[in-house]
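Q: Take a look at this one; I'll ask things after.
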Amino acid sequence: MTIEETIAKYKEDFDLFPDPNDKLEYIFDLGKKHTTLPEEDKNDNTYVNGCASDAWLVGECKDGLLVLRGEGTSEMAKGMLTLLIDIFGNKTPEDILGFDPAKLQDMGIVELLSPVRQQSLEAFLKMVYGYAHKCKEQGA
Amino acid sequence: MSTTMKIENLQAKIGDKQILKGLNLELEPGKVHAIMGPNGAGKSTLSKAIVGHYDIEILGGDITYKGKSILEMEAEERALEGVFLSFQHPVEIPGVNNAYFLRTALNAKLKHEGKDELNAAEFLREMKKHLEMLGMKSDMISRSLNEGFSGGEKKRNEILQMLILEPEVIILDEIDSGLDIDALRAVSEGINKMKDGKRTFLVITHYSRILDYIEPDYIHVLKDGKVIKTAGPELVPYLEEHGYDGIEED
């Protein structure tokens, strides 16, 4: 599934909930599938700076794809990490770098996030794009 | 004859009054068993005894399901094992969102079966298909459970629960009471959708009209706490004509 297709899938999901609170609750729900990281992967290099709660994101280049793993401490961070890793994980760096993050707004949830949470999203995206750049350089 | 559920010499009381007085009944897998009988015969008591309702005190006999006795099991354990009762008078529970209620029940069952639980979106997709078939408005899932629902809406909501939980033994206690023709048709359609040759139905009713839609395999006449006659669907027109008094005990 491409990044755009995954976003379209989530837009369909979020559209099922007319109430904004239910949309946010669905993000929490997604967090139930959240995985954790081994302690050695939680360090300064993987720490998501600017996230409202503690969160770590590991990006590794495998067979030309960026593989993402993460761990969040709050319900919102767990949900958002699960959602975003599903969108950006296992994609080529070219696909990620060629994607305009403004399109994430198509899901209809970005505008529902508080300014602090929007800042967390930006911090996460910054790390993803950083990992994608490194992955591209490794492949070059 | 293979048996899904076997009820042997069941005796039960509610309060000080003994209602079931040595009831015997065998439910075959995949069959629709209709229980008919006059008021006070023990029809609803039987359904409550099967699901483990707290009103009921068992005095003797046994109920075995898939070969083991369920009398010592709590109501929720029986439900998790696939026994379902649609209530004659579904209760209203203000403050409990219908969708949350249904999803929690479904996920408890999925967990019990070692399956993945459904997230809110997966659940809503599943539920919307059923809502359409049952002619239920989509706002009914976001309202409090049964609160302010009409009689017909409550019964449709019971059938919605049944469709979502996909039980193996389905007890419908007067599911047809208070239904107009459209609601009766929608409810029957929901029930018929569940007929797959494996699930077993126990349809408790006073009237034959729902049996025109559901087509029972067996009719059991219950009188004074016992099954006094078991026959095929040909018994229905006889009962319509002669009433319960005209039935001779087997």
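The values are calculated or read from the model by the stated rules, or taken from the named source; none is laboratory data. Note that this is a predicted model, so its numbers are computed, not measured. All Cβ positions, even for glycine, are placed from backbone atoms using ideal geometry, and neighbour counts span all protein chains on display.
Q: What single numbered condition from (1) at pLDDT 90 or above; (2) more than 17 Å from the chain's Cα centre (by Cα) fails to hold for B:D250?
A: (1)
Q: May I ask you to list the residues in segment A:29-47 that are surrounded by 13 or more Cβ atoms within 10 Å (Cβ to Cβ), more than 9 Å from chain B (Cβ to nearest Cβ) and either out of contact with any Asp or Glu (no Cβ under 8 Å at 6 or more places or on another chain) or assigned to a helix (DSSP H, G or I) (or both)? I'd like the intermediate steps shown before the answer.
A: Taking segment A:29-47 and keeping what is surrounded by 13 or more Cβ atoms within 10 Å (Cβ to Cβ), we get A:29-31, A:33-34, A:36-37, A:41-42, A:46-47.
Narrowing the set further to residues that are more than 9 Å from chain B (Cβ to nearest Cβ) leaves A:31, A:34, A:36-37, A:41-42, A:46-47.
Within segment A:29-47, A:G31, A:D41, A:T46 meet the criteria.
Q: Do we find that A:A52 is under 17 Å from A:S120 (Cβ atoms), in a loop (DSSP other than H, G, I, E, B) and among the hydrophobic types (A, V, I, L, M, F, W, C) in this structure?
A: yes
Q: I've got another one for you. Based on what the data block shows, is B:K31 out of contact with any Asp or Glu (no Cβ under 6 Å at 6 or more places or on another chain) and charged (D, E, K, R)?
A: Working: out of contact with any Asp or Glu (no Cβ under 6 Å at 6 or more places or on another chain): no; charged (D, E, K, R): yes.
The answer is no for B:K31.
Q: Quick check on my filter: what residues within segment B:92-126 are more than 18 Å from A:K33 (Cα to Cα), under 20 Å from the mean Cα position of the chain (by Cα) and within 14 Å of another protein chain (Cβ to nearest Cβ)?
A: B:N98
Q: Another question, then. So for segment B:21-31 (the condition being within 30 Å of B:R143 (Cα to Cα) and either within 17 Å of the chain's Cα centre (by Cα) or free of Cβ contacts under 8 Å to residues at least 60 places away in the same chain (or both)), does at least one residue qualify?
A: Initial filter on segment B:21-31 (within 30 Å of B:R143 (Cα to Cα)): none.
Within segment B:21-31 (the criterion being within 30 Å of B:R143 (Cα to Cα) and either within 17 Å of the chain's Cα centre (by Cα) or free of Cβ contacts under 8 Å to residues at least 60 places away in the same chain (or both)), the answer is no, since none of the residues qualifies.
Q: Residues A:Y26, A:Y10: which one is in a helix (DSSP H, G or I), within 11 Å of chain B (Cβ to nearest Cβ) and in contact with a Phe, Trp or Tyr (Cβ under 7 Å, 6 or more places away or on another chain)? Spell out how you get there, then give the answer.
A: Working: A:Y10 fails: in contact with a Phe, Trp or Tyr (Cβ under 7 Å, 6 or more places away or on another chain).
The conditions single out A:Y26.
Q: For the subset of segment B:206-220 comprising residues that are at pLDDT below 95 and aliphatic (A, V, I, L, M), which member is surrounded by the most Cβ atoms within 10 Å (Cβ to Cβ)?
A: Among residues in segment B:206-220 that are at pLDDT below 95 and aliphatic (A, V, I, L, M), the one surrounded by the most Cβ atoms within 10 Å (Cβ to Cβ) is B:I210.
Q: A follow-up question, please. One residue is enough: does segment B:221-236 have a residue meeting the conditions crowded, with 21+ Cβ neighbours inside 10 Å and small (G, A, S)?
A: yes
Q: For segment B:136-176, what are the residues that are under 13 Å from the mean Cα position of the chain (by Cα) and farther than 23 Å from B:A120 by Cβ?
A: If the condition is that a residue be under 13 Å from the mean Cα position of the chain (by Cα) and farther than 23 Å from B:A120 by Cβ, then B:K155, B:E168, B:V169, B:I170, B:I171, B:L172, B:D173, B:E174, B:I175, B:D176 are the ones that fit.
Q: OK, next. Can you name every residue in segment B:126-168 that is in a helix (DSSP H, G or I) and of a type in the set (A, V, I, L, M)?
A: First, pick out the residues of segment B:126-168 that are in a helix (DSSP H, G or I): B:126-134, B:138-141, B:151-165.
If the condition is that a residue be in a helix (DSSP H, G or I) and of a type in the set (A, V, I, L, M), then B:M127, B:L131, B:M133, B:L134, B:M140, B:I141, B:I159, B:L160, B:M162, B:L163, B:I164, B:L165 are the ones that fit.
Q: When you scan segment B:172-191, do you find a residue that is outside any helix (DSSP H, G or I), touching a Gly at 6+ places or on another chain (Cβ under 7 Å) and in contact (Cβ under 8 Å) with a residue 60 or more places away in the chain, even just one? Quick ask: steps written out before the conclusion?
A: So in segment B:172-191, the residues outside any helix (DSSP H, G or I) come out as B:172-180.
Subsequent filtering for residues that are touching a Gly at 6+ places or on another chain (Cβ under 7 Å) retains B:178-180.
From what is left, the residues that are in contact (Cβ under 8 Å) with a residue 60 or more places away in the chain are none.
No: zero hits.
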